[in-house]
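Working notes, beginning with the structure itself.
Please treat every number below as a calculation from the coordinates, not as lab data. Model, not experiment: these values are computed from the prediction. So basically every Cβ, Gly included, is an ideal-geometry build from the backbone, and we count neighbours across all protein chains shown.
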């Protein structure tokens with residue numbers, strides 16, 4: 001779960017709650033494709049927008065549909081009490097691990113965030129991945145805080161927001177981080193455009209948005225990368241450059257949702273309002289990219 | 001409600017929910033002090049951290065304790081559906097108006113935010129204030145979006161995040177905004193250090209954090225400002241400069257909560273975890289400021 005390709009599916013939303021059939025279909029598709037792990041209720045899974053009941057139900061559906069593939073469940077919330085409730089619900093649903101981002105409304109201090117992880121890990125029976133996603137949490141970790149949190153019991157991985165573009169700098173960055181962390185703590189790269197580069201730089205896992213919707217395209221990058229064939233991984237990632245450009249312009253959520261809608265994996269719209277998704281022009285452009293790359297096959 | 005001094009109280013939290021007695025005491029204190037309006041469940045009232053049930057109960061308690069003073073209630077949430085639920089609950093509790101910030105986890109587009117206000121105002125029976133608080137929402141309004149939203153039915157005020165420090169620039173800014181907005185839409189300044197300057201520049205209201213905890217100190221600024229005595233308002237605000245410095249360094253929430261705890265208005269701690277509040281050194285410094293300024297009388 002904390003190594004290899006970990007796929008982050010959407011949680012498709014219907015008018016009155018989760019589109020359970022579509023969500024189950026997404027999970028079964030990932031399990032069939034052979035991803036190494038699935039994370040339900042990541043940022044791509046809109047965890048922050050759902051009620052406790054919806055989150056518990058989503059976690060249950062994911063574990064039920066994933067078969068032998070381990071399922072990690074996102075438990076982030078603004079309030080520690082709600083994080084603990086989500087952790088309880090995720091474990092009851094059978095999650096093999098949990099993912100926790102320091103979601104903020106009021107800006108959090110480093111002490112606040114350390115305290116959050118201390119309070120939550122004290123109550124957990126499954127391992128936890130630290131979710132560093134400054135674009136959504138507006139919290140900036142530093143290496144000292146990574147190191148302090150990594151010492152807490154049950155911390156198994158850190159999901160980092162990317163690696164430097166230069167391969168030498170990326171490798172140096174990962175080496176420096178690894179020296180700060182206990183051996184049991186893996187490093188997982190996110191930001192899909194960085195997947196190949198992160199694995200080449202020595203990350204253990206790729207926490208991938210696109211893998212949740214186009215698992216074959218992500219496996220075409222991850223499998224060679226994990227086998228040490230950096231050139232093949234790099235080429236497979238470069239092939240998807242038009243997608244990465246859409247992600248850079250619009251974030252990963254809206255384009256990914258538009259692809260899933262276009263492929264009929266989920267109904268349109270599938271995102272929670274007020275998020276309106278891509279406009280018609282961008283959808284048409286994206287459909288062209290998907291067709292050109294043969295991602296609709 | 002959309003003019004004069006509008007006070008934003010804390011929502012004190014106990015181990016197992018709202019500290020109802022303390023919250024009622026805060027509201028009664030504000031009504032007795034003679035503020036022009038009260039906003040329950042603003043950012044200072046930790047709305048983003050509370051459950052639907054806690055928010056509905058808080059709104060009810062505020063209206064019950066405020067007597068003749070009109071109560072505005074914050075209805076922001078990440079998901080439009082939850083905003084609509086909060087609006088329904090606030091109106092059922094007797095709110096005279098609602099306050100809505102475009103809270104984000106995924107970054108919102110201007111279209112998303114316009115759609116949010118359109119969807120919500122279509123369902124409201126009471127007037128709405130637009131809450132522009134980029135420090136917590138991470139959404140940046142521009143004047144074009146202000147103008148578009150201000151045309152929606154029921155929009156009665158815009159809570160702006162401050163005014164330029166230079167009095168001439170502040171006046172020009174407010175004049176420019178006013179020219180863009182229908183006459184029925186008031187402008188309210190926030191950022192307590194800007195209260196006197198905002199009213200002097202022509203704002204109709206001061207949406208004030210400190211007024212929720214130290215109403216007399218805020219009235220000492222607002223009353224002369226609203227009567228056109230800018231010099232007296234400015235002097236009263238300058239007197240509180242040590243407080244404004246604490247707010248600049250730590251945000252307004254943590255120092256305000258520490259003052260309320262120190263004065264015995266609420267139990268300590270009163271903020272929702274993971275927010276740990278000020279450290280001991282800062283609390284001691286703040287207690288000195290409060291004593292020096294005679295704010296504990």
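A compact globular protein would have a Cα radius of gyration near 2.2 N^0.38 Å; the ratio found for the protein assembly as shown is 1.00.
What residue among B:28, B:280, B:238 shows peak mean-square fluctuation when chain B is described by a Gaussian network model with Cα springs under 10 Å? Comparing B:28, B:280, B:238 in a Gaussian network model of chain B, the most mobile one is B:280. Note on chain A: helix-only mean residue ellipticity at 222 nm, from DSSP H runs of 4+ residues weighted -39500 (n - 2.57) and normalised by residue number, equals -14500 deg cm²/dmol. Just checking the listed ones, A:55, A:276, A:171: in the Gaussian network model of chain A with Cα springs under 10 Å, the one fluctuating most is A:276.
Between the alpha-carbon centres of region B:49-107 and region A:20-60 there is a gap of 30 Å.
As a rough guide to protection, the peptides B:90-96, B:252-258, B:57-63, B:31-37 ranked by mean Cβ packing within 10 Å, highest first, stand as B:252-258, B:57-63, B:90-96, B:31-37. Relative contact order, whole percent, for chain A stands at 19, derived from Cα pairs under 8 Å and 6 or more residues apart.
Label sites at residue B:32 and residue A:151, each approximated as a point 7 angstrom past Cα along Cα to Cβ, lie 4.9 nm apart.
In whole angstrom, region A:81-201 maps to an equivalent ellipsoid with semi-axes of 25, 16, 14, each derived as √(5λ) from the alpha carbon gyration tensor and ordered largest first. Each copy carries residue A:151; placing its label point 7 Å along the C-beta direction from Cα gives inter-copy distances of 5.9 nm, listed from smallest up.
Chain A: percent of C-alpha pairs farther apart than 35 Å? I get 12 percent for the Cα pairs in chain A exceeding 35 Å. Under 37 °C and 0.692 mPa s, how fast does region A:257-297 diffuse according to Stokes-Einstein, given a Kirkwood radius computed over C-alpha pairs? Answer in µm²/s, whole number. Here the translational diffusion coefficient equals 310 µm²/s. Take residue A:92, push a point 7 Å out from Cα through the beta-carbon direction, and compare it with the same point in every other copy: 2.4 nm, smallest first. Between copies, the label points at residue A:165 (set 7 angstrom from Cα along Cα-to-Cβ) are spaced 3.6 nm, reported in nanometres from shortest to longest.
Calculate log10 I(q)/I(0) of region A:54-142 for q = 0.17 Å⁻¹, where I(q) comes from the Debye formula with a single equal point scatterer on each Cα and nothing for solvent. Each listed q corresponds, in turn, to -0.68.
Taking every alpha-carbon pair in region A:120-263 and binning the separations at 5 Å intervals from zero gives 2, 10, 18, 22, 19, 15, 10, 4, 1 percent. For region B:1-114, relative contact order (Cα pairs under 8 Å, six or more residues apart, normalised by length) works out to 25 percent. Nearest beta carbon of chain A to the A-to-B rotation axis, with distance in whole angstrom: A:138, 3. Counts of other chain beta carbons within 10 angstrom of each beta carbon in peptide A:245-256 average 1.
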